[in-house]
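Step one of this worksheet: look at the structure below.
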Amino acid sequence: MTNGNMGGGKTGEPGRGATSESASECGGDFVPQWIIEKKRDGGVLDDTEIRQWIKRYSDGSLPDYQMAALAMAVFFRGMTPEETLSLTDAMMRSGDCLSWDDLDRPTADKHSTGGIGDKISLPLAPLVAACGVAVPMISGRGLGVTGGTLDKLESIPGYDATLPVGRFREIVRDVGCSIVGQTARLAPADRKLYALRDVTGTVPSIPLITASILSKKLAEGAGTLVFDVKCGSGAFMKTRKDADALAHSLVSVARGAGRAASALVTPMDSPLGAAVGNALEVAESVRLLSADAPPEGSEDDPDGALASERELVFSLGSEMLRLSGAADDEATARAAMETALSSGAALETFARMVAAHGGEARVAEDPLRVLPSAPAVIDFPSPQTGTVAGADADLIGRAALLLGAGRRATSDAVDAAVGLDRIRAKGARVAAGEPLARVHARSPEAAREVFPLLREAFRFES
Ligand code: URA
């Protein structure tokens, strides 16, 4: 992303290590500083050097300070697609790799770089599974301000996301989809490296992000990978240029690793859908899977927020079905998904997945009865009359965090019940005092505490 030369050799000229065939080998010795110098000076690391590096970092014989130096060199110098593929593969092989060759169906998964209100995995996995493609999904907890997919699922009473691999495999085989948490044995090199990048200013590097995401996704073993790269104020990638670069890198490395892959770059300036918060997002996911989804413009979807969320589910789902060979083209894929929704098959698959994970399957029939609810539910009134231009995703996310829906530190517990729903979207005509969102909080005072953030979040057309 950034470029620069912080000293040593001439710009673009390989350093001392690059003068040998492979900087990692010197009479059979591995010389870490030569590899650091080579990358620092703009050289290209070879496959052996990268594999040696990750092997030694994983077994603890390479110290954090040298890994941090190399990560910083990569941050400034970047990596070629071949280097990124070698790094990804080496990190993937640092732990267990699953294979689904014994399944009678193709497998596909989706990875989103995450954003506010992004609950898409919940309806997408059962919908695609109901169309004949198995979805083995290994997901994360909240990385940013709101809960992650696992936090959302765990708001369903009884849902166990920490199943052993054997049970995960059984559920994928019997139900067609399963969403579980990452085990310590999946790409452990990434776990160690990510923690180091987090404290050394080396997270925002396209090759390092690519290797981090893909080492985990490739180890999970799905034959097709579809990426939803979010772009905007509530996303990891703030600019279209960075989002495009990440999408391109993810797809080219996934294809290089022998998987079918594609990516969509989708906006994250406003929250996705009308609900943000763990249980509230599960309830919205059930509505997305319901055969009688509310029509756009109706009382239940006044601004078309659900309709646009459903469109994203369909866009990602058709890529998964098409690339895995279950549909010849987008039209066939969409028709299959329409049938799976209208017949109730997709919702039933969701209920079966929840039940297989020990969760309360009635959530699919009556989410409000099953899911935890917050003691205080208060409308946030519009400060003015006008047309909503949008709700800033980042600020809505911060409000959800303040209410307790997300984590400040990885050890924090999330509150399943709190958050926001009925969030009005771009184009909504409101009168002063009419609700712009509904706040679910532990107390009326806690709800009102986020009002200043919400006032800032909602923009109006002038
Ligand atoms: N998500 C990941 O898994 N890794 C990164 O490096 C960034 C986001």
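Run R407 past the list (1) crowded, with 18+ Cβ neighbours inside 10 Å; (2) modelled with pLDDT of 95 or more; (3) within 27 Å of the chain's Cα centre (by Cα) and report the number of the one that doesn't hold. Evaluating R407 over (1) crowded, with 18+ Cβ neighbours inside 10 Å; (2) modelled with pLDDT of 95 or more; (3) within 27 Å of the chain's Cα centre (by Cα) leaves (2) as the failure.
Across the range 410-422, the number of residues qualifying as modelled with pLDDT of 95 or more, surrounded by fewer than 24 Cβ atoms within 10 Å (Cβ to Cβ) and not charged (D, E, K, R) comes to 1.
Condition test on K241, is it away from the ligand (no atom under 13 Å from the Cβ) and within 22 Å of D392 (Cα to Cα)? In short, yes. Count of the range 404-462 residues, restricted to those that are within 25 Å of D300 (Cβ to Cβ) and among the small types (G, A, S), is 14. Within the range 187-200, being more than 9 Å from the ligand (Cβ to nearest atom) and either in the same structural domain as Y65 (by TED's automatic domain parsing) or of a type in the set (S, T, Y) (or both) holds for one residue alone: T200. With respect to the conditions (1) over 23 Å from the mean Cα position of the chain (by Cα); (2) within 16 Å of the ligand (Cβ to nearest atom); (3) of a type in the set (S, T, Y), T48 lacks only one, and its number is (2).
Any chance the range 344-353 includes a residue that's within 23 Å of the chain's Cα centre (by Cα) and of a type in the set (V, I, T)? The answer is yes; a qualifying residue exists. With the condition kept exactly as written, say whether any residue in the range 320-331 is touching a residue at least 24 places away in the same chain (Cβ under 8 Å) and basic (K, R). No; the residues of the range 320-331 include none that is touching a residue at least 24 places away in the same chain (Cβ under 8 Å) and basic (K, R). Among residues of the range 167-186 being farther than 18 Å from L122 by Cβ and modelled with pLDDT under 95, the one that is surrounded by the most Cβ atoms within 10 Å (Cβ to Cβ) is L186. In this structure, is T349 of a type outside the set (D, E, K, R), touching a Gly at 6+ places or on another chain (Cβ under 8 Å), surrounded by fewer than 22 Cβ atoms within 10 Å (Cβ to Cβ) and not in a loop (DSSP other than H, G, I, E, B)? Spelling it out, it is not the case that T349 is of a type outside the set (D, E, K, R), touching a Gly at 6+ places or on another chain (Cβ under 8 Å), surrounded by fewer than 22 Cβ atoms within 10 Å (Cβ to Cβ) and not in a loop (DSSP other than H, G, I, E, B).
Restricting attention to the range 236-288, the residues being within 16 Å of the chain's Cα centre (by Cα), among the polar types (S, T, N, Q) and either outside the structural domain of E319 (by TED's automatic domain parsing) or not in a helix (DSSP H, G or I) (or both) number 2.
Looking at the range 201-233, which of the residues that are in a strand (DSSP E or B) and either among the basic types (K, R) or more than 21 Å from A260 (Cβ to Cβ) (or both) is nearest to the ligand (Cβ to nearest atom)? Going through the qualifying residues, I end up with K230.
The values are calculated or read from the model by the stated rules, or taken from the named source; none is laboratory data. Note that the coordinates shown come from a computational prediction; the quantities given were computed from them, not determined experimentally. Glycine also receives a Cβ, built like all others from the backbone with ideal geometry; neighbour counts cover every protein chain displayed.
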